[in-house]
1. Of all the residues that make up the range 184-228, how many are out of contact with any strand residue (DSSP E or B) (no Cβ under 6 Å at 6 or more places or on another chain), hydrophobic (A, V, I, L, M, F, W, C), closer than 17 Å to Leu135 by Cα and in a helix (DSSP H, G or I)?
2. Considering only residues that are basic (Lys, Arg) and farther than 23 Å from Ala110 by Cβ, which ones fall in the range 40-70?
3. Suppose we filter the range 69-106 for residues that are assigned to a helix (DSSP H, G or I) and in contact with a strand residue (DSSP E or B) (Cβ under 7 Å, 6 or more places away or on another chain); how many remain?
4. Any residue in the range 240-264 that is closer than 20 Å to Ser133 by Cβ sitting within a Cβ distance under 6 Å of a residue that is of a type in the set (Val, Ile, Thr)? List the pairs, counting only those 6 or more apart or interchain.
5. Restrict the check to the range 71-79 and report whether at least one residue is surrounded by fewer than 18 Cβ atoms within 10 Å (Cβ to Cβ) and under 22 Å from Leu109 (Cβ atoms).
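Every read-out reported here was derived from the displayed coordinates using simple, explicitly stated rules and does not represent laboratory data. Just so it is clear, the model here is predicted, and its values are computed rather than measured. Here the Cβ is made from the backbone with ideal geometry for all residues, glycine too, and neighbour counts use every protein chain on show.
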Amino acid sequence: MPRPRPPKPVQEAVSAENSLEALAAIGPIARSSVVDAVADRLQAEILSGRLAAGARLPSEREFSLALGVNRLTLRAALARLEALGMIVTRHGAGTIVASWRERAGLDALAALIGSTWSKDGFVKGQGRELLTSMLEVRRIVASEAIGLAAKRHTAADLEALEQRAHEQEGRIHDRVAFARGDIAFERALIRATRNVGLELLLNTFARFPDEQPELVAELFDRPEEVLAFYPYIIGLIRAGDPVVARDTLRQALERLDAEWQVRHSHASGGAGTAKPASKSASGTRAAKAGSKA
């Protein structure tokens, strides 16, 4: 007697379960896929200006042959670039290189910096301007975040910050791992602001350790001093004075960034001519403000 077949919904459930098991066995796909490589290459060409704004890209057939990839790979890479605001597809006109300064988001800053960076330092003059832009954005975000956190934090937020700071002690000899931990500390700080927009903005910087590990290693060239700075930040938040917290952290970060730029000969404009204060002086000012709690 033939065995009765299970109902169709049961069959579909079993099939889905088998598919999930098969995918789990395959494991995650490495980031350095062909689509990633094509998208990164084209993005670098656009950001460098070699593919100028307004330029029309070749047809899919011509472009895929020139790059040595199939059309599906090229299509996926172009879709990614369009989502980033690097290109735009117009009916009847094909794919056009967009003006990335007008259409791209903050994510483009990381790619721009990466395109000017090598293990020996910045290889293009534009790199100094880009680095200064990144440090200024970081100061703006951090200063506003600590002001809001000083006003809105809870005891649980302070505990989370102290825990993230404590965890960093075990990463002091691995700069990239330390950078990831620093992002975790910043995320705990931003969550104390109760501002989702700031946390989404942080995500742009959160990708730096994985996408630009050499640059991150240079940015965190003195992790022990960053580690010593965490208690001052927590003290500013605990004190509960938004104005003092905001102004103190901004001034401290300005000095720290200027010192870093001087050490690495990347100073430009005012940052390069300003006389840097010692990190201990910056930390002392923050500590005094934080002790007023």
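1. Our first condition is that a residue be out of contact with any strand residue (DSSP E or B) (no Cβ under 6 Å at 6 or more places or on another chain); within the range 184-228, this holds for 184-214, 216-228.
Filter once more, keeping what is hydrophobic (A, V, I, L, M, F, W, C): 184-185, 188-190, 192, 196, 198, 200-202, 205-206, 208, 216-217, 219-220, 226-228.
Now drop any that are not closer than 17 Å to Leu135 by Cα, which leaves 198, 201-202, 205-206, 208, 216-217, 219-220, 226.
After this cut, where a residue has to be in a helix (DSSP H, G or I) as well, the list is 198, 201-202, 205-206, 208, 216-217, 219, 226.
The qualifying residues number 10.
2. Arg56, Arg61
3. Let us first name the residues in the range 69-106 that are assigned to a helix (DSSP H, G or I), namely 71-83, 100-103.
Among the residues that remain, those that are also in contact with a strand residue (DSSP E or B) (Cβ under 7 Å, 6 or more places away or on another chain) are: 78, 81-82.
Qualifying residue count for the region: 3.
4. The qualifying pairs are Leu249/Ile146.
5. Among the residues of the range 71-79, at least one is surrounded by fewer than 18 Cβ atoms within 10 Å (Cβ to Cβ) and under 22 Å from Leu109 (Cβ atoms), which makes the answer yes.
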